[in-house]
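The values are calculated or read from the model by the stated rules, or taken from the named source; none is laboratory data. Bear in mind the structure is a predicted one, so any value in this text is a computation, not a measurement. Glycine also receives a Cβ, built like all others from the backbone with ideal geometry; neighbour counts cover every protein chain displayed.
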Amino acid sequence: MPHAGSFSRRALLARAAFTVAAAAGAQAQPSSPTRMTTRPIPSSGEPLPVIGLGTYRGFDVAPGSADYQALPGVLDALVAAGGTVIDSSPMYGRAEETTGELLAARSPRPRVFLATKVWTTGREAGRAQMETSFRLLRARTIDLMQIHNLVDWRTHLPSLRRAKDEGRIRYVGITHYTPSAYRDVEAVLRAEPLDFLQINYAVDDRAAEARLLPLAQDKGVAVLVNMPFGGGGLLRRLRDRPLPGWAAEAGATSWAQLALRFVLTHPAVTCTIPGTGSPRNMADNAAAGAAPPLSAAERQAVIDAVAR
Ligand SMILES: NC(=O)c1ccc[n+]([C@@H]2O[C@H](COP(=O)([O-])OP(=O)(O)OC[C@H]3O[C@@H](n4cnc5c(N)ncnc54)[C@H](OP(=O)(O)O)[C@@H]3O)[C@@H](O)[C@H]2O)c1
């Protein structure tokens, strides 16, 4: 454990409130102590496992390639750990098609929470793109449809709401990945009823803490965190550094787990979707979802260790 004497009492209390609030929304599945923790989607109360899978890059691979052949193992590792959330987009090349193929190849088809996006301009183009997503994902229902990077959001939002009313999608959301867009994201979040916000947040990328995460929490909007490893750069920087001495006691065996557990300490966060095409990395990431929340002091120690 980090030395608590280095923190002021006020800062410690503030950080403790952070961790306690995060833990309050969380629920460990009672049947198995290693099963992944879930948190409720605020608009419905439906429990969502806290670690999911991002398909950007990792699932945009050619059938028959060695990379493709590894992907059933990624899905297995997600499902075996109790994870369900898979995030994709028409922007990710072949990723939706790959996801649909892998799901269809498993019998029975695993019960997953499918999230994808609309990423085009114009009403007809948006509707056509969503139809393509249903076909590629081989899904009758898509759990979460998001407007990717707010592209033409005023046009798409009514289409998404209609699809929700028709029962074809279950939740509506928006996404972004960069602080330069946070003003626009905030304006939409304030003005429009939404089920989900997907946004970037990581140990070394904490700008969303200032306004977006508290606002989402206030408004009862679920948060999916993208780029929890900064697109991979965070872990590449840490690769050759030993884990902090206290990590083993906290039940963490990798920097990836510390980085994900850091993200999960924020009480606004519902789930994070690290991207991977590696079964080993998926299992590593999923383990973070079964671990207890980091304490306030551990959370700060992760920030300090990464900044060093
Ligand atoms: N605007 C948007 O809507 C938006 C923007 C960005 C991302 N996203 C979504 O969020 C997801 C996550 O973001 P991201 O994929 O860009 O970045 P990320 O999750 O921060 O990082 C992914 C990178 O980390 C590596 N990695 C994953 N787990 C690891 C582990 N345990 N140990 C070591 N390396 C590990 C992956 O390599 P390996 O494949 O080798 O494991 C990959 O290179 C995306 O896949 C996408 O679904 C959405």
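Some notes on this structure:
- When residues of the range 262-308 are limited to those that are of a type in the set (A, V, I, L, M, F, W, C) and outside any helix (DSSP H, G or I), the one surrounded by the most Cβ atoms within 10 Å (Cβ to Cβ): Cys271
- Yes/no for Ala115 being among the small types (Gly, Ala, Ser) and touching a residue at least 12 places away in the same chain (Cβ under 8 Å): yes
Listed here are the residues, each with its yes/no results for (1) at pLDDT 95 or above; (2) surrounded by fewer than 20 Cβ atoms within 10 Å (Cβ to Cβ); (3) more than 18 Å from Cys271 (Cα to Cα).
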| residue | (1), (2), (3) |
| --- | --- |
| Leu194 | yes, no, no |
| Ile199 | yes, no, no |
| Ala202 | yes, no, no |
| Gly220 | yes, yes, no |
| Val223 | yes, no, no |
| Phe229 | yes, no, no |
| Gly233 | yes, yes, yes |
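- Contacts under 8 angstrom Cβ, first residue in the range 158-182 being of a type in the set (A, V, I, L, M, F, W, C), partner assigned to a loop (DSSP other than H, G, I, E, B), 6 or more apart: Ile169/Thr141; Val172/Leu194; Val172/Asp195; Ile174/Leu194
- Pairs with Cβ under 8 Å, 6+ apart, first in the range 212-234 and free of Cβ contacts under 8 Å to residues at least 40 places away in the same chain, second surrounded by fewer than 17 Cβ atoms within 10 Å (Cβ to Cβ) and among the basic types (Lys, Arg): Leu215/Arg190; Lys219/Arg190
- Residue satisfying condition, being within 15 Å of the ligand (Cβ to nearest atom), of a type in the set (S, T, N, Q) and either crowded, with 21+ Cβ neighbours inside 10 Å or within 25 Å of Leu150 (Cβ to Cβ) (or both), within set Ser88, Ser44: Ser88
- Being away from the ligand (no atom under 16 Å from the Cβ) and not acidic (Asp, Glu) holds for only one residue in Ala115, Ala125, and it is Ala125.
- In the range 66-100, the residues that are of a type outside the set (Val, Ile, Thr), in contact with a strand residue (DSSP E or B) (Cβ under 7 Å, 6 or more places away or on another chain) and not in a loop (DSSP other than H, G, I, E, B): Leu78, Asp87, Glu96
- So Ala95, is it in contact with an Asp or Glu (Cβ under 6 Å, 6 or more places away or on another chain) and closer than 21 Å to Pro40 by Cα: no
- Some residue of the range 158-172 being touching a Phe, Trp or Tyr at 6+ places or on another chain (Cβ under 9 Å) and among the aliphatic types (A, V, I, L, M): yes
- Taken over the range 128-162, the criterion of being in contact with a strand residue (DSSP E or B) (Cβ under 7 Å, 6 or more places away or on another chain), of a type outside the set (Asp, Glu), farther than 17 Å from Ala181 by Cβ and within 16 Å of the ligand (Cβ to nearest atom) is satisfied by Gln129, Met130, Ser133, Leu137, Ile142, Leu144, Met145, Leu160.
- Scope the range 273-287; condition more than 8 Å from the ligand (Cβ to nearest atom) and in contact with a strand residue (DSSP E or B) (Cβ under 6 Å, 6 or more places away or on another chain); matching residues: Ala286
- Selected residue (only one of Gln198, Gln217 is closer than 15 Å to Pro42 by Cβ, within 16 Å of the ligand (Cβ to nearest atom) and in contact with a strand residue (DSSP E or B) (Cβ under 9 Å, 6 or more places away or on another chain)): Gln198
- Qualifying residue in the range 250-261 (condition: within 8 Å of the ligand (Cβ to nearest atom) and part of a loop (DSSP other than H, G, I, E, B)): yes
- Residues of the range 58-85 that turn out to be on the phi > 0 side of the Ramachandran plot and within 12 Å of the ligand (Cβ to nearest atom), as a count: 0
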